[in-house]
2 protein chains.
Amino acid sequence: MSNIQIAKARRLRSTPYTSRIEKQGLKAYTTYNHMLLPAAFEGSMEETYYHLKEHVQIWDVAAERQVEISGDDAFKLVQLMTCRDLSESKDGRCYYCPIVDDQAGLINDPIVLRFNENKWWLSIADSDVILFAKGLAIGKNFNVKIVEPTCDIMAIQGPKSFPLMEKIFGESITDLKFFGFDYFDFRDSKHLIARSGWSKQGGYEVYVEDTSSGLELYDHLFEIGKEFNVKPGCPHLIERIESALLSYGNDIDLKDNPLECGFDKYVNLDNDIEFLGKERLKQIKSEGINKKLMGVMINLDNINMSQSIELKDNKNNIIGEMRSAVFSPTFKKVIGIAMFKKPFWDVGLEFNINIGGISTKGTVCNIPFI
Amino acid sequence: MSNIQIAKARRLRSTPYTSRIEKQGLKAYTTYNHMLLPAAFEGSMEETYYHLKEHVQIWDVAAERQVEISGDDAFKLVQLMTCRDLSESKDGRCYYCPIVDDQAGLINDPIVLRFNENKWWLSIADSDVILFAKGLAIGKNFNVKIVEPTCDIMAIQGPKSFPLMEKIFGESITDLKFFGFDYFDFRDSKHLIARSGWSKQGGYEVYVEDTSSGLELYDHLFEIGKEFNVKPGCPHLIERIESALLSYGNDIDLKDNPLECGFDKYVNLDNDIEFLGKERLKQIKSEGINKKLMGVMINLDNINMSQSIELKDNKNNIIGEMRSAVFSPTFKKVIGIAMFKKPFWDVGLEFNINIGGISTKGTVCNIPFI
């Protein structure tokens, strides 16, 4: 932590859950999509990590904002923005989709929810995709409506999310497949619930459109979740790096293309769908990439990153940059995500790194770590 | 202040000045354009306010990011995005320009710098204008290049900014007119300097492209500024509200149009320039606006806002929302910026407001306050 406070204002929007989480031991915020996103609760990083892996947590992830694209040209616009082939996509399913510009630079990596061919939500990472979509739609004269709906997601994450949610919504919720979504009743309100989330520990995301019902559900989850040792939580740095859940703005950004980030299976160049950057991506694929995202391991027992750290070879040449890192209790080492220049991304390659004045060595490895 | 820490990460970019300001008594950050923006230094709000009004402060405002638009269609694209007529704009001048979408919703309110007809910088408020510009340019097939250049602004603000800057750059810098910009030498480097800034106390903004020279200049300003009582600072809530320097995301947003925000003189509907939302703005102008941004004064000696507060009439109907507010030592009252529904925006109109459980009354007034 930085020991520096966050100055709140309307511009960094609060969420419906803000007053609750601040009473539940919140210690730090980050901001995300112009909104407050909890970043740490009481307890050490390791304690909250093991809790997430063993029990169940309720997360205020309202900062995952939705871009709703509807209308006759909705499918055309959504497909234009992503290099993932959505021609076979199905209603009621979620799709992880890199959004790229005409130069194949990554603009965002949302989960795309398909309601039907004419209504889509992009559940976005931290950049104003709504402005890109609006600009494209205006420029192309598409018949679409683009809005940010009132929707404040709460996530239920961890292995005990399944019995907890079953207790509220009945057995039918356990039938939901990974990345499926449907509507489920809570008291007098219907909630869109997806089997998804920013952890690899399993769980659900409730897309709360009816705020007052959502707050009742939030409180109810804590009341009846006691037997499952429920706690408030938030996306967890250790868990997400071990699982290599990439974070837009941290690990990947506009200067990277999806082939450099290991998104090859979401880059569909072999049929006639139309999307931005397609020719550029074909060219990159045929010429080969010039940098590549990899894992790193470093023999250190602590790190606190706030910006990229250069990685060097023995001749002091920069061969890459580490973008995220954390001490992993599983590996008893610092693990991180780093972008390496060609040809320095071979697994096992050793590099030099200086962290807070300490010079040490690290090695390249594959991701995910677990 | 919130007493809640900010969690730093690469995604909330540090600036070249970050390590310096953290040694200079920084107490709080906000985030802005995915970057850290200092929000408070040591000393009370009133102390730093009077210091800014009497002396000179150096501000890390690198979070004012630039969107560079260059190429044959650069002027066409910039004009398409703003309702302000730029047909008579001149090289080397800054223009405050509301950016609006096709529905006349406000996307940003940058200072636009015209280098020449084929090169412009948009010095943006807090939204990803680069994505809107890219979307439009791709959709319209414009011949432009759109990038975020390496440029980290430091501002020199306050009445003594003039003698301080003259001491470094010589008399020629005092010839710079308000909203003019030019290049000035510091040691072996040229810096773009504009007479502008996020205060009404006068001063300059140095658009630092040569980072190492900029850091030398930063240190030099503190060394030779001692005689002017120079201190580190940041955009100041009291000063900006008194001066009604509107803040995008706080006072105005995508759901507002420029006529509701008092930007009438920047809405040029009477000639044949082409920009987004023009027909919609003509319609709004002929039908009249349905809400209006005004000042408010409230007899209280303290306020700490983090979201909109409802304003009500005596029948408990919501008649508006206050979006920013602060205790003003000048007026010995809380002053704020509020959006009122029609027809409740008359100066002198009284309303009810509940702030932290305290019910009180306030009145509508004009802005700026000073």
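No lab work stands behind these numbers, since they all come straight from the coordinates. These numbers come from a predicted model, not from an experiment. Here the Cβ is made from the backbone with ideal geometry for all residues, glycine too, and neighbour counts use every protein chain on show.
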Subset of the range A:121-169 [crowded, with 24+ Cβ neighbours inside 10 Å, touching a Lys or Arg at 6+ places or on another chain (Cβ under 8 Å) and away from every other protein chain (no Cβ under 13 Å)]: A:GLY158
Going through (1) closer than 30 Å to B:PHE75 by Cα; (2) surrounded by 16 or more Cβ atoms within 10 Å (Cβ to Cβ) one by one, B:ILE353 fails only at (1)
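Give B:ILE6, B:ILE99, B:ILE58 a once-over and let me know the one that is crowded, with 18+ Cβ neighbours inside 10 Å, closer than 21 Å to B:THR211 by Cα and not aromatic (Phe, Trp, Tyr). Walk me through how you get there before you give the answer.
Working: B:ILE6 fails: closer than 21 Å to B:THR211 by Cα; B:ILE99 fails: closer than 21 Å to B:THR211 by Cα.
Being crowded, with 18+ Cβ neighbours inside 10 Å, closer than 21 Å to B:THR211 by Cα and not aromatic (Phe, Trp, Tyr) holds for just one of B:ILE6, B:ILE99, B:ILE58, which is B:ILE58.
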Determine which single condition A:PRO235 fails, assuming it passes every other condition in (1) within 30 Å of A:LEU136 (Cβ to Cβ); (2) more than 14 Å from chain B (Cβ to nearest Cβ). (2)
Cβ-Cβ under 6 Å pairs, at least 6 apart or on other chains, the range B:208-227 side closer than 26 Å to B:GLU54 by Cα, far side of a type in the set (Phe, Trp, Tyr): B:LEU217/B:PHE186
Check whether at least one residue in the range B:272-280 is assigned to a loop (DSSP other than H, G, I, E, B), under 24 Å from the mean Cα position of the chain (by Cα) and surrounded by fewer than 18 Cβ atoms within 10 Å (Cβ to Cβ), and report yes or no. no
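Looking only at the range A:295-317, filter to residues that are of a type in the set (A, V, I, L, M) and in contact with an Asp or Glu (Cβ under 9 Å, 6 or more places away or on another chain); which one of those is nearest to A:THR360 (Cα to Cα)? Before you say what the answer is, go through the steps one by one.
Pass one, the range A:295-317, residues of a type in the set (A, V, I, L, M): A:296-298, A:300, A:303, A:305, A:309, A:311.
Then keep just the ones that are in contact with an Asp or Glu (Cβ under 9 Å, 6 or more places away or on another chain); that gives A:309, A:311.
Numbers: A:ILE309: 13, A:LEU311: 10 Å.
The selected residue is A:LEU311.
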Scope the range B:329-350; condition surrounded by 22 or more Cβ atoms within 10 Å (Cβ to Cβ), of a type in the set (Val, Ile, Thr) and more than 14 Å from every other protein chain (Cβ to nearest Cβ); matching residues: B:VAL334, B:ILE335
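For the range B:250-257, check the following and say yes or no: at least one residue is over 30 Å from B:THR15 (Cα atoms) and of a type outside the set (S, T, N, Q).
yes
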For residues that are outside any strand (DSSP E or B) and β-branched (Val, Ile, Thr), scanning just the range A:289-336, find the one that is nearest to B:SER14 (Cα to Cα). A:ILE303
Restricting attention to the range A:300-328, report how many residues are more than 27 Å from the chain's Cα centre (by Cα) and either touching a residue at least 40 places away in the same chain (Cβ under 8 Å) or within 14 Å of another protein chain (Cβ to nearest Cβ) (or both). 1
Against the conditions (1) within 23 Å of A:PHE228 (Cα to Cα); (2) facing another protein chain (nearest Cβ under 7 Å); (3) in a loop (DSSP other than H, G, I, E, B), where does A:ARG11 fall short? Just the number, please. (1)
Name every residue in the range A:100-128 that is of a type in the set (S, T, N, Q) and within 13 Å of the chain's Cα centre (by Cα), in order of residue number. A:ASN108, A:SER123, A:SER127
Give me a count of the residues in the range B:230-242 that are surrounded by fewer than 23 Cβ atoms within 10 Å (Cβ to Cβ) and either touching a Pro at 6+ places or on another chain (Cβ under 9 Å) or assigned to a loop (DSSP other than H, G, I, E, B) (or both). 2
What about B:LYS361, is it of a type in the set (Lys, Arg), away from chain A (no Cβ under 14 Å) and more than 28 Å from A:HIS34 (Cβ to Cβ)? yes
Which numbered condition A:LYS177 fails, given (1) among the charged types (D, E, K, R); (2) surrounded by 22 or more Cβ atoms within 10 Å (Cβ to Cβ); (3) free of Cβ contacts under 8 Å to residues at least 24 places away in the same chain: (2)
Pick from the range A:238-273, criterion more than 16 Å from A:ASP102 (Cα to Cα) and aliphatic (A, V, I, L, M), ranking: farthest from the other protein chains (Cβ to nearest Cβ): A:ALA244
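Any residue in the range A:243-252 that is of a type in the set (A, V, I, L, M), touching a strand residue (DSSP E or B) at 6+ places or on another chain (Cβ under 8 Å) and in a loop (DSSP other than H, G, I, E, B)? Step through it out loud before you land on a result.
Our first condition is that a residue be of a type in the set (A, V, I, L, M); within the range A:243-252, this holds for A:244-246, A:252.
From what is left, the residues that are touching a strand residue (DSSP E or B) at 6+ places or on another chain (Cβ under 8 Å) are A:244, A:246, A:252.
Imposing the further condition that a residue be in a loop (DSSP other than H, G, I, E, B) reduces the set to A:244, A:246.
Among the residues of the range A:243-252, at least one is of a type in the set (A, V, I, L, M), touching a strand residue (DSSP E or B) at 6+ places or on another chain (Cβ under 8 Å) and in a loop (DSSP other than H, G, I, E, B), which makes the answer yes.
Taking the stated definitions as given, is A:MET294 surrounded by 19 or more Cβ atoms within 10 Å (Cβ to Cβ) and more than 14 Å from chain B (Cβ to nearest Cβ)? Explain how you work it out, then say what you get.
Values: surrounded by 19 or more Cβ atoms within 10 Å (Cβ to Cβ): yes; more than 14 Å from chain B (Cβ to nearest Cβ): yes.
For A:MET294, the condition - surrounded by 19 or more Cβ atoms within 10 Å (Cβ to Cβ) and more than 14 Å from chain B (Cβ to nearest Cβ) - is met.
Tell me whether the range B:46-65 contains one or more residues that are part of a helix (DSSP H, G or I), of a type in the set (Lys, Arg) and away from every other protein chain (no Cβ under 11 Å).
Taking the range B:46-65 and keeping what is part of a helix (DSSP H, G or I), we get B:46-54.
Checking the rest, the ones that are also of a type in the set (Lys, Arg) come to B:53.
Now restrict to residues that are away from every other protein chain (no Cβ under 11 Å): B:53.
Yes - at least one qualifying residue is present in the range B:46-65.
Each row is one residue, and each column tells you yes or no for (1) more than 10 Å from every other protein chain (Cβ to nearest Cβ); (2) in contact (Cβ under 8 Å) with a residue 40 or more places away in the chain; (3) surrounded by fewer than 17 Cβ atoms within 10 Å (Cβ to Cβ); (4) out of contact with any strand residue (DSSP E or B) (no Cβ under 9 Å at 6 or more places or on another chain).
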| position | (1), (2), (3), (4) |
| --- | --- |
| B:LYS23 | yes, no, yes, yes |
| B:LYS27 | no, no, yes, no |
| B:LEU37 | no, yes, no, no |
| B:ALA40 | no, yes, no, no |
| B:GLU68 | yes, yes, no, no |
| B:GLN79 | yes, yes, no, yes |
